[in-house]
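Since every read-out is calculated from the coordinates, none of them should be taken as a lab result. A quick note: this is a predicted structure, and the numbers were derived from the prediction, not measured. In this analysis, Cβ positions are derived from the backbone assuming ideal geometry, glycine residues included, and neighbour counts consider all displayed protein chains.
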Ligand code: PEP
Ligand code: MG
């Protein structure tokens, strides 16, 4: 074991058209590391380097700093010397120095969530050597200044003291700029940069009590450890939790030779996408800056220029920049450096074809030579995801199954959100325009700080620019608006990843954090004022704009049609009204898996009759009230059957504890007493009688139907009569009556008997019949255990995984909110089991119940109607268990349809 541990490679090299790793090794090398290795081996010019594996991060978390440094020391040292050989430079050498970068890289991209340190290897001597070697003193001192700033922030913890404060290094720079009467970083003289280096180091010493480390190796080890630490940093943890990425994945560390985009006007740096990440349009696009380092493009401090001429023209139009100004001050890379552009264009084409997906690349031009720093499958909006997948199919790059596998199910959610009502948009007052960084419609109240996003139900986060610290607030806000930054700024990239509407680079906005105001021309807006963002056009609109429901059309509909072609398991909906049933059908539901009849009783005119029924002391009294409810229920069912036009409709008999229907407030109790001509006291006594210690485990489900059979009778009558009525009208209908909360066979048998007897007597009365099924929910663990006996009687099973989860874990659905957050935080549970089906526990009960049921009835129809029916991993599980259908809320249907297809495809490969 000891020997094996030592032999295990912890460091993988790449560069000079070869590599130890490849793209399939994402789990070990992280996405970035695996792709750097892959690019290197297919001949793309990447700066040489190496990747320390994600396993080392996990080892670090267990064993600590010293043990891990001991383990990787030799490999890292020899890999640095490999870089030295390729680059012809030496780490720490004063005359001919090698400088390196240290970057994080988890198996999935987590943009900006972890740390990076550039220019490692720099100190008071090396800076002089670099200046001599490059004959560019300005560049050398600027790099040194940046290094101390970055290392200070990331490794030495030099962060702003409070949210209203700015970065301590930025503050020093601002002072100097003021003193010198200059505006831009590029206006600093060499002496200014030297002063900054001195002042930065002083500030660090003052705050940390230590000198800035001048030994390159100390710098390197410090940076590696800082990157490992950033895996457990606040931002990263939040992002991981948001996406459900486990803590034990860890991050890899990529160490690479530095190449410089800030060596003068023959250098530059940029970010580009092989297709449009916002819309999916097949156009190469991106942004760059001349004489800059990577973070300058993303930080949004300088306005980046477009890579292609087409992009530049489009951008200028939005930014209201005339052609002369554009050509003079913001030319595209295509115009400014045509041969570099051609080379980049070739690589983007090679990389997209190689990875067979849209790529997001970073590049640097160092003194006229192009280097590719990174490629990865680009983050994109839901709309772009769908369009790109269908385009790749039409271009013959991928096949139908690959299209379906390329679609991230949960991202479809974005396409199901409301959009601005076109009529309301016509009346909208546009106050300014920015870049359409991430499409969508957002309307909300202005907040200026990320940690205040939750102040309002709907908020729009308005910032000069965003940073990774703002992640949580960005997630909470309905939309994001920034005054600075381009299409690849932090705000834009993160918003697209979240599918959140974002407008960036709206230069006309003046934002004042201290006064919490947003000024556009003469108008001032305050925190709490409503604004609306159209992320597709970049329009910023005053006030609130109405929205309308989206449609399933275009490429989205094409993807759904493909899904249906490969799906085996069907998707139904949970719907309680004709309106929901219609929406569900428009999203492709193949039936209703659950109608909760109790929801119909909560409507104002019915709750009164329902209360009369509950409060009645005699059977006669109850029957009278039920008589009144019958026509209402019948009309409901008719509406639902009609909306579903012959598709199966599962109607569940009354389920909730009766006390939910009785009034608990004195005022309502009083008016009920008046209506019923009984005393207030009598009402109070009845309410108290119905009170239960544990209603979730109390008098509910089929226990109601078994204690008050007349309820089951009335509901059956309503269903059967509605079906007969539809038959009369020539509309097909397919009812399935479902008994809830069954735990013993007898409970089901007695209910079935009432249902069948009632139906038969109606058939007799009417001299007509309809087909119907009688099945049961399986939501009590005992029912799953007794499933073979129950299946002998029941026509179908529908797993109620909400109750099944409650009863398997013993977590009350009503009270779990008190401890689940802590359980998730402590890692006792990986996910909320009421949201994501617990496959290892509850799932096994589902599996057993299905198997036992089918043992006696091989064709038993089995479905699920708990909330898990629309959650991707749970839907896949249901397919693997062999269910006939899942049932979910209308807006989850496309997601469930896609996952159903994906599960079937995965099962065949
Ligand atoms: C269930 O328990 O999973 C279910 C669908 O029923 P309800 O949520 O109404 O209890
Ligand atoms: Mg239930």
The range 237-337, convex hull of Cα, quarter of hull surface, nm² -> 9.0 nm²
Kirkwood Rh, angstrom, the range 125-172 [1 / mean 1/r, Cα pairs]: 11.9 Å
Whole-number D in µm² s⁻¹ for the range 500-583, Kirkwood Cα-pair radius fed into Stokes-Einstein, 37 °C, 0.692 mPa s: 189 µm²/s
Ordered by fewest other Cβ atoms within 10 Å, a rough proxy for footprinting exposure, 804, 416 read 416, 804
Label-point gap, in nm, between residue 802 and residue 697 - each point 7 angstrom along Cα→Cβ: 1.9 nm
Of all DSSP beta bridges with both partners in the range 443-535, the antiparallel percent, nearest 5, is 50 percent
Residue 529 to residue 603: FRET efficiency via 1/(1 + (r/R0)^6), r the Cβ-Cβ distance, R0 41 Å, to the nearest 0.05? 0.65
The range 1-74, Cα convex hull volume normalised per residue, Å³: 95 Å³
Taking only C-alpha positions in the range 586-700, Rg and Dmax in angstrom work out to 16.4, 51
Give me the distance between the Cα centres of the range 32-85 and the range 533-569, rounded to whole Å. 43 Å
Rounded, prolate or oblate: which one fits the range 266-392, using the alpha carbon gyration tensor with axes a ≥ b ≥ c (rounded when a/c is under 1.5, else prolate when a/b beats b/c, else oblate)? oblate
Kindly give the semi-axes, whole Å and largest first, of the ellipsoid equivalent to the range 802-880, taking each as the square root of 5 times a Cα gyration tensor eigenvalue. 26, 12, 11
For the range 241-256 and the range 774-826, what is the separation of their C-alpha centers, rounded to whole Å? 34 Å
Quote the convex hull volume per residue of the range 153-302, based on C-alpha atoms, as a whole number of Å³. 190 Å³
Length-normalised contact order of the range 76-181, Cα under 8 Å, at least 6 apart, in percent, tallies to 18 percent
Rel. contact order, % - alpha carbon contacts under 8 angstrom, at least six apart, the chain: 9 percent
Could you please tell me the mean projected area of the C-alpha convex hull for the range 44-181, averaged over all directions and given in square nanometres to one decimal? 11.7 nm²
Assuming 1.002 mPa s and 20 °C, estimate D for the chain with Stokes-Einstein, Rh taken as the Kirkwood radius over Cα pairs, in µm²/s. 69 µm²/s
With label points set 7 Å from each Cα along the Cα-to-Cβ direction at residue 660 and residue 727, the distance between them in nm comes to 3.2 nm
What order do you get for 808, 716, 618 when you list them from fewest to most C-beta neighbours inside 10 Å? 618, 808, 716
The Rg/Rh figure for the range 1-125, Cα atoms and Kirkwood Rh, to two decimals is 0.97
Under 19 Å by backbone N from the virtual spin label 7 Å along Cα-to-Cβ at residue 245, the residues of the range 451-470 are 467-470
DSSP-defined beta bridges in the chain - what % are antiparallel, rounded to 5: 65 percent
Let me see the pair-distance distribution of the range 714-779: every alpha carbon pair, 10 Å bin width, integer percents in order. 21, 51, 23, 6
Give or take rounding to whole Å, what are the principal axis extents of the alpha carbon atoms in the range 154-228, in descending order? 39, 31, 21
Over the range 393-524, how many percent of alpha carbon pairs lie in each 5 Å bin up to the one with the longest distance? 2, 10, 17, 21, 18, 13, 7, 5, 3, 2, 1, 0
Give me the extension gain from residue 630 to residue 457: residue separation times 0.36 nm, minus the current Cα-Cα distance, reported in nm with one decimal. 58.3 nm
How big is the convex hull of the Cα atoms of the range 754-901, per residue, in Å³? 144 Å³
Given R₀ = 45 Å, FRET efficiency for residue 707-residue 108 by Cβ-Cβ distance, to 0.05? 0.30
What is the fewest-to-most order of 750, 594, 98 by other Cβ atoms lying within 10 Å of their Cβ? 750, 98, 594
Principal axes of the range 775-842: Cα extent on each, largest first, Å: 44, 22, 16
Extension reserve of the residue 327-residue 190 stretch, reckoned as 0.36 nm per residue once the Cα distance is removed: 46.3 nm
Gained length - residue 819 relative to residue 162, 0.36 nm times residue gap less alpha-carbon distance: 233.4 nm
Starting from the eigenvalues of the Cα gyration tensor, five times each then square-rooted, give me the equivalent ellipsoid semi-axes of the range 592-658, largest first, whole Å. 25, 12, 10
Relative to the compact-globule estimate 2.2 N^0.38 Å (N residues), the Cα gyration radius of the range 56-118 stands at a ratio of 1.36
Please give, to one decimal in nm, the separation of the simple spin-label points placed at residue 768 and residue 426, each 7 Å out from Cα toward the Cβ. 4.6 nm
Highest mean first, how do 537-550, 514-527 rank when packing is the count of other Cβ atoms within 10 Å averaged over residues? 537-550, 514-527
Mean shadow area of the range 90-158 over all directions, Cα convex hull, nm²: 5.3 nm²
Grab the eigenvalues of the alpha-carbon gyration tensor for the range 689-823, scale each by 5, take roots, and send me the semi-axes largest first in whole angstrom. 32, 16, 15
CD proxy, 222 nm, the chain: helix-only mean residue ellipticity via -39,500 (n - 2.57) per DSSP H run with n ≥ 4, per residue, nearest 500, stands at -14500 deg cm²/dmol
